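What follows is a set of notes on a single structure, which appears directly below.
The values are calculated or read from the model by the stated rules, or taken from the named source; none is laboratory data. Quantities reported herein were computed from a predicted structural model and do not represent experimental measurements. Note that each Cβ is placed from the backbone with ideal geometry, even for glycine, and that neighbours are counted across all protein chains shown. The protein model used for the area step is the full one, side chains on, heavy atoms only, and it has no ligands, DNA or RNA in it. Shrake-Rupley method; radii C 1.70, N 1.55, O 1.52, S 1.80 Å.
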Amino acid sequence: MEIDAVYEAGTLYLDERDELLILDQTLLPGERRYIPVKTAQEVWQAIYQLKVRGAPAIGVAAAYGLYVASKNIEENDAGKFCDKVREMSAYLAGARPTAVNLTWALERMEGALNLARAAGVPPQALRQALKEEALAIHREDRQVCFSIAQNGLTLLKKGMGLLTHCNAGALATTGCGTALAPIYLGQARGYGFRVFADETRPLLQGARLTAYELADAGVDVTVICDNMAASVMAQGRIDAVLVGCDRVAANGDAANKIGTLSVALAAKHYGIPFYVCAPTSTLDPACPDGAQIPIEQRDGAEIAQMWYRAPMVAEGAKTYNPAFDVTGHELITALITEKGVLYPPFDRAIAAVLRP
Ligand SMILES: CSC[C@H]1O[C@H](OP(=O)(O)O)[C@H](O)[C@@H]1O
């Protein structure tokens, strides 16, 4: 495909020895290291610790993970083999609660297992059925990303300034990403986008991963602190916002990385289009609205003690570091002064309070 090169980010793959290797994203951007994961426990830890992360990538990792873990099941009875696979699947489903792709992929895998079981095949053939379903989920993910790239690019124009939050790129999928996919396709077609990437505290997926990917692809990317997004919008530098998602409820409420709501509120205020790039595998019709989406609670150490080790931003990515921003009077309820509380219209109130 036109932007195959982007896949070089290579989130995970089965190697020639049929082992699952995962790019350990907690080491990026400083180090690219692939780690083998062979057991359900290792897959669970890799997902929970965000060594592999991003809704689509989590789904593909769980699918491959269930397959490779099934190779550890020493069981000749097909029924007992399936029971143990289902136990592993239920265990993996508990690694992280918000990204619906995790359970979606595992349900796909169990469906393939059930079909093969119904055919009365032995455990080795059941394992092969798991492998083929994982490969199918992987192939589909790559195609879905490219389709999102094509559909997303129809909404964008050459030279646009774009803002994104967290990482919804090649590193969050096994293809060219979701929110970053239209950016990659635009890059390939000379759109000349200027991308602003929120660092995305506390785990810095924007600074560490989005900037890494986009700089590596030659995209003009500037890392900003999360608290700068509104200011950059106010300066007229953002024409559209593109974000990923982890689960979209039946009414369209979308769960995404913490901080996305703030970006959406600012975009709304400045009349900037806010696009959520959502594979249909991330749509959850069984979830009526956002209030029903399970929100993962993580260890506070991620706020208090982690990550701030250089490099946090990939070489090649720019940074923008204004020390202040301006809040428009239309957003201010009152000015509290020593001479009293001033209410809008502030021009008249300020003139009055300063009058000798
Ligand atoms: C393309 S889905 C990416 C989605 O996943 C990220 O969360 P995490 O890094 O914790 O897995 C974030 O919400 C991204 O938008």
Item to check | Conditions (1) out of contact with any Pro (no Cβ under 7 Å at 6 or more places or on another chain); (2) away from the ligand (no atom under 15 Å from the Cβ): number failed by Thr282 | outcome: (2)
Checklist entry - Given (1) modelled with pLDDT of 95 or more; (2) open to solvent by less than 60 Å² (accessible area, probe 1.4 Å); (3) not in a loop (DSSP other than H, G, I, E, B), where does Gln41 come up short, assuming only one miss? => result (2)
Next on the checklist: Of the conditions (1) in a loop (DSSP other than H, G, I, E, B); (2) farther than 20 Å from Leu12 by Cα; (3) not hydroxyl-bearing (Ser, Thr, Tyr), Ala95 satisfies every one except a single condition; which number is it?
Outcome noted: (2)
Checklist entry - Can you tell me which residues in the range 292-312 are in contact with an Asp or Glu (Cβ under 8 Å, 6 or more places away or on another chain) and either modelled with pLDDT of 90 or more or exposed (fewer than 10 other Cβ atoms within 10 Å of the Cβ) (or both)? => result Ile293
Item to check | Residue check, Val37 within 23 Å of Leu203 (Cα to Cα), within 16 Å of the ligand (Cβ to nearest atom), of a type in the set (Val, Ile, Thr) and assigned by TED's automatic domain parsing to the domain that holds Glu140 | outcome: no
Next on the checklist: So, in the range 243-264, how many residues would count as being in a loop (DSSP other than H, G, I, E, B) and either within 11 Å of the ligand (Cβ to nearest atom) or polar (S, T, N, Q) (or both)?
Outcome noted: 8
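Yes/no matrix, rows are residues, columns are (1) away from the ligand (no atom under 15 Å from the Cβ); (2) outside any strand (DSSP E or B); (3) at pLDDT below 95:
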{"residue": "Glu140", "(1), (2), (3)": "no, yes, no"}
{"residue": "Thr200", "(1), (2), (3)": "no, yes, no"}
{"residue": "Ala211", "(1), (2), (3)": "no, yes, no"}
{"residue": "Val223", "(1), (2), (3)": "yes, no, no"}
{"residue": "Ala230", "(1), (2), (3)": "yes, yes, no"}
{"residue": "Ile238", "(1), (2), (3)": "yes, yes, no"}
{"residue": "Val241", "(1), (2), (3)": "no, no, no"}
Next on the checklist: With the structure loaded, tell me whether Ala116 is surrounded by 19 or more Cβ atoms within 10 Å (Cβ to Cβ), of a type in the set (Gly, Ala, Ser) and either at pLDDT below 95 or within 15 Å of the ligand (Cβ to nearest atom) (or both) or whether it fails that test.
Outcome noted: no
Next on the checklist: Return the residues of the range 291-337 that are more than 21 Å from Val223 (Cα to Cα) and part of a helix (DSSP H, G or I); say none if nothing qualifies.
Outcome noted: Ala291, Gln292, Ala301, Ala304, His329, Glu330, Leu331
Item to check | Among the candidates Ile272, Ile350, residue that is touching a strand residue (DSSP E or B) at 6+ places or on another chain (Cβ under 8 Å) and either in a strand (DSSP E or B) or farther than 27 Å from Gly218 by Cα (or both) | outcome: Ile350
Checklist entry - When you scan the range 78-109, how many residues do you find that are open to solvent by 10 Å² or more (accessible area, probe 1.4 Å), in contact (Cβ under 8 Å) with a residue 24 or more places away in the chain and either away from the ligand (no atom under 16 Å from the Cβ) or in the same structural domain as Thr174 (by TED's automatic domain parsing) (or both)? => result 6
